[in-house]
Amino acid sequence: ISSVELTREFLDRIKAEDGQYNSFITVTEDLAMADAKAADEQRAAGNAGVWTGIPFAHKDIFCTNGVATTAGSKMLANFVPPYDATVVANFRAAGAVCLGKTNMDEFAMGSSTESSFFGPVTNPWGLNKDEKRVPGGSSGGSAAAIAARLVPAATATDTGGSIRQPAALCGVTGLKPTYGRVSRYGMIAFASSLDQGGTMARTAEDNALMLNVMAGFDPKDSTSANRTVPDYTATLNQPLKGLRVGLPKEYFSDQLNPAMEQQVRNAVKEYEKLGATVKEVSLPHAELAIAAYYVIAPAEASANLSRFDGVRYGYRCDKPQDLNDLYTRTRAEGFGNEVKRRILVGTYALSAGYFDAYYLKAQKVRRLIQQDFIDAFKEVDVLMSPVSPSPAFVQGEKTSDPVTMYLEDIFTIAVNLAGVPAMSVPAGFVDGLPVGLQIIGNYFEEARLLNAAHQFQ
Ligand code: GLN
């Protein structure tokens, strides 16, 4: 099959079916068809690599030269970047065919993809039920598009769970790499010390192929890791005999839906059959993760989002009277409620009288959480746990209570605070809705996670 035929097929599916999911914000049909044609020429000339002519999509948080990049916000609804994110440039160089930009929570703040200025995304799973389900978030557009077979792979980002939780709720496979493994250059910032770009696709193997393109040192990102990139597909078939699996006891608590727990424990049994040894471990500060995150992430967000002032790019209010009016009305009109809430919380936590009590305290807790993982990985090779406390919930169910929404990330957030890599792998169903198994690894051990996920699939 030619890339032109393949690309046409996916574009037609998006056209016919995405009305019910809203997983794309922008579809770049003409560009995709031109890229597919160029890819076929490369193939005919014998210059094809693995990605040449393969369709995929980018989360709408990665800057794409000449193509609108909105971060799900009214603030950036008219923003057309004059440059590519490093991740985007890498896929371009590999000859992949980008079909468009996927929907997301506004500025990646959320766990349901309901806070997007471009409307909520519907999970392809659960359409047979009375009420529509969320796809998780913030990368819900990428997850839903893959689950609905509108695209075989998509990029995503994870600040507190935004790759793993939507992957789990949509029954696809996602990987959040080690902090620093994938360049953040050109990725619209939410909380810079936590943000990490990563991969989403149906299988671990496809995630490995994506990571091969995305990972690597980038001088344009000051926190990029200067380490060699292995071929992540090379070790997928290694036997798991002797793999030491740890089950963090804090992640198998009362908060977990018992049917979910059963699915996760069944998955762990499969690993035992594959030769893994399993033991209980402890992450003693796990219960502090949400509290620390919801100080640190909003603090960084409040600083990052101060650049949206209506002056240089993005939304600008109509007929500003003076500079102050320009700033206040631009921001009041351009940002949605959740973004405003985070800016308020973050500004408060960073203000002179409260800095020590909140921000500094949260940073100290963060260090303890990181140490928990360092200690755990002295005893085991990987940790396994649920990804989310329950399967895909009903749209609208958690939007009126931000704290319930924040608790969606109870099992994913500590990973970001520590900076370690983690995956979400499909592990069965509860009430006909997909459930994910989280596999957490030590720093830069993405290959081990992909190997473990691939053997399970
Ligand atoms: N749900 C978390 C939040 O709202 C994490 C989001 C993310 O990882 N981008 O901040």
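The values are calculated or read from the model by the stated rules, or taken from the named source; none is laboratory data. As the structure is a prediction and not an experimental result, all values here were calculated from the model. Cβ sites come from the backbone with ideal geometry, for glycine too, and all protein chains shown count toward neighbours.
What do you reckon, is Leu450 away from the ligand (no atom under 16 Å from the Cβ) and either in a helix (DSSP H, G or I) or buried (at least 19 other Cβ atoms within 10 Å of the Cβ) (or both)?
Yes.
Looking at (1) buried (at least 20 other Cβ atoms within 10 Å of the Cβ); (2) among the aliphatic types (A, V, I, L, M); (3) part of a loop (DSSP other than H, G, I, E, B), which one does Met210 not meet, given that it meets all the others? Among (1) buried (at least 20 other Cβ atoms within 10 Å of the Cβ); (2) among the aliphatic types (A, V, I, L, M); (3) part of a loop (DSSP other than H, G, I, E, B), the lone unmet condition for Met210 is (3).
Results for (1) assigned to a helix (DSSP H, G or I); (2) more than 21 Å from the chain's Cα centre (by Cα), shown as yes or no for each residue.
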residue: Leu194; (1), (2): no, no
residue: Asp206; (1), (2): yes, no
residue: Ser224; (1), (2): no, no
residue: Val245; (1), (2): no, yes
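Counting only helices (runs of 4 or more DSSP H) that sit completely within the stretch 86-175, those holding 2 or more residues that are small (Gly, Ala, Ser), within 16 Å of the ligand (Cβ to nearest atom) and farther than 14 Å from Asn22 by Cβ correspond to 164-170. Once the stretch 420-447 is narrowed to residues that are buried (at least 19 other Cβ atoms within 10 Å of the Cβ) and either free of Cβ contacts under 8 Å to residues at least 12 places away in the same chain or small (Gly, Ala, Ser) (or both), the residue that is farthest from Arg367 (Cα to Cα) is Ala427.
For (1) at pLDDT below 95; (2) closer than 30 Å to Phe429 by Cβ; (3) surrounded by fewer than 19 Cβ atoms within 10 Å (Cβ to Cβ); (4) touching a Gly at 6+ places or on another chain (Cβ under 6 Å), each residue gets a yes or a no:
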| position | (1), (2), (3), (4) |
| --- | --- |
| Ile54 | no, yes, no, no |
| Tyr83 | no, no, yes, no |
| Val87 | no, no, no, yes |
| Met104 | no, yes, no, yes |
| Pro124 | no, yes, no, no |
| Val134 | no, yes, no, no |
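Of the residues Val403, Val387, which single one is free of Cβ contacts under 8 Å to residues at least 40 places away in the same chain and within 16 Å of the ligand (Cβ to nearest atom)? One residue alone meets the criteria, Val403.
Residues in the stretch 414-437: is at least one in contact with an Asp or Glu (Cβ under 6 Å, 6 or more places away or on another chain), within 25 Å of Ala259 (Cβ to Cβ) and either among the charged types (D, E, K, R) or in a strand (DSSP E or B) (or both)?
no
Taken over the stretch 406-417, the criterion of being crowded, with 24+ Cβ neighbours inside 10 Å and either among the aliphatic types (A, V, I, L, M) or more than 10 Å from the ligand (Cβ to nearest atom) (or both) is satisfied by Phe411, Ile413, Ala414, Val415, Leu417. Checked against (1) surrounded by fewer than 19 Cβ atoms within 10 Å (Cβ to Cβ); (2) part of a loop (DSSP other than H, G, I, E, B), Asp325 meets all criteria but (2).
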